[in-house]
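Trainee: Pasting in a structure now, in structure tokens, and then I'll have a few things to ask.
The values are calculated or read from the model by the stated rules, or taken from the named source; none is laboratory data. Computed from a predicted structure; not experimentally measured. Positions of Cβ are generated from backbone atoms using ideal geometry, with glycine treated the same way; all protein chains shown enter the neighbour counts. Quick note on the areas: whole protein, heavy atoms, side chains included, nothing else; ligands and nucleic acids left out. Shrake-Rupley method; radii C 1.70, N 1.55, O 1.52, S 1.80 Å.
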Amino acid sequence: MATIDFKFRNQILGNDIGNTLAYCYQCATCSGACPVAQVTGGKYNPRRLILDSLLGLKEKIFGAENTFNIWGCTVCDTCDEVCPQKVELTEIFTILKNMSVERGEAPDYYTTQAATILENGKAIPMQPAIEKRRQQLGLPSILAPDLEEIKKILEATKLPEKLPKKD
Ligand code: SF4
Ligand code: SF4
């Protein structure tokens, strides 16, 4: 049986936005509207994630086997829009995602993209093929990002320390 982790529960409830968690009355409107819940046949379930957070059931949320519970969310914000209790679901899920990163459990496809942004200042680095295609379409060249400024911002968030170390 899963145990209640009060520290974890209070970490969310103690957050200005996370405390909206307390207003959830488990109506499941969020899960009914969530496109990921629909295409996964309920494997991804925002209502359940909110409930587990509210109850402090940390071990049901984190751990390598539960990664999809958090990272399945595409941040489309549909659940926020339909929740009758104005629970800030996507913000709460962002808190959980940040905790998952801190635990070293974020999926590779996220950390790899974060590393690419840190290195290149953007998610898709400049490529001659893209530039050539833009020229053919009569589109202007893409301005290079200010890498130093972006690095400074990301370093302030301690992103480099949170990314898995390269071998
Ligand atoms: S829609 Fe809102 S109140 Fe209903 S289960 Fe989801 S979070 Fe809770
Ligand atoms: S933001 Fe996430 S949980 Fe909410 S509806 Fe979209 S995919 Fe589902």
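Trainee: Quick check on my filter: what residues within region 122-167 are closer than 18 Å to Tyr109 by Cβ and of a type in the set (Lys, Arg)?
Mentor: Lys122, Lys162, Lys165, Lys166
Residue-by-condition table, conditions (1) among the charged types (D, E, K, R); (2) within 16 Å of ligand 2 (Cβ to nearest atom); (3) within 16 Å of the chain's Cα centre (by Cα):
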site: Val87; (1), (2), (3): no, yes, no
site: Met99; (1), (2), (3): no, no, yes
site: Glu102; (1), (2), (3): yes, no, yes
site: Pro125; (1), (2), (3): no, no, no
site: Ile130; (1), (2), (3): no, no, no
site: Gln136; (1), (2), (3): no, no, no
site: Ala144; (1), (2), (3): no, no, no
site: Glu148; (1), (2), (3): yes, no, no
site: Pro160; (1), (2), (3): no, no, no
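Trainee: A follow-up question, please. For region 10-40, give me each residue that is modelled with pLDDT under 95 and either away from ligand 1 (no atom under 15 Å from the Cβ) or not in a helix (DSSP H, G or I) (or both).
Mentor: Listed by number, the residues that qualify are Asn10, Gln11, Gly14, Asn15, Asp16, Ile17.
Trainee: Residues Asp108, Asp80: which one is acidic (Asp, Glu) and within 20 Å of Ala28 (Cα to Cα)?
Mentor: Only one candidate passes the filter, namely Asp80.
Trainee: Ok, one more. Anything in region 36-79 that is over 24 Å from Asn10 (Cβ atoms), aromatic (Phe, Trp, Tyr) and surrounded by fewer than 20 Cβ atoms within 10 Å (Cβ to Cβ)? List them, or say none.
Mentor: Correct list: Phe68 only.
Trainee: Something else about it: Those residues that are surrounded by fewer than 16 Cβ atoms within 10 Å (Cβ to Cβ) and in contact with a helix residue (DSSP H, G or I) (Cβ under 9 Å, 6 or more places away or on another chain), I need them from region 116-127; list them, please.
Mentor: Of everything in region 116-127, those that are surrounded by fewer than 16 Cβ atoms within 10 Å (Cβ to Cβ) and in contact with a helix residue (DSSP H, G or I) (Cβ under 9 Å, 6 or more places away or on another chain) turn out to be Glu119, Asn120, Lys122, Ala123, Ile124, Pro125, Met126.
Trainee: Right, here's the next one. Which numbered condition in (1) assigned to a helix (DSSP H, G or I); (2) touching a residue at least 24 places away in the same chain (Cβ under 8 Å); (3) within 22 Å of Thr157 (Cβ to Cβ) is the only one that Asn98 fails?
Mentor: Going through the list (1) assigned to a helix (DSSP H, G or I); (2) touching a residue at least 24 places away in the same chain (Cβ under 8 Å); (3) within 22 Å of Thr157 (Cβ to Cβ), Asn98 breaks only (2).
Trainee: Restricting to region 1-31, name every residue that is open to solvent by 50 Å² or more (accessible area, probe 1.4 Å), over 24 Å from Glu65 (Cα atoms) and either small (Gly, Ala, Ser) or not assigned by TED's automatic domain parsing to the domain that holds Cys73 (or both).
Mentor: Gly14, Ala22
Trainee: Let me confirm something: among Leu143, Leu137, Leu154, which residue is more than 25 Å from Phe68 (Cβ to Cβ), surrounded by 13 or more Cβ atoms within 10 Å (Cβ to Cβ) and without any contact (Cβ under 8 Å) to a residue 60 or more places away in the chain?
Mentor: Leu154
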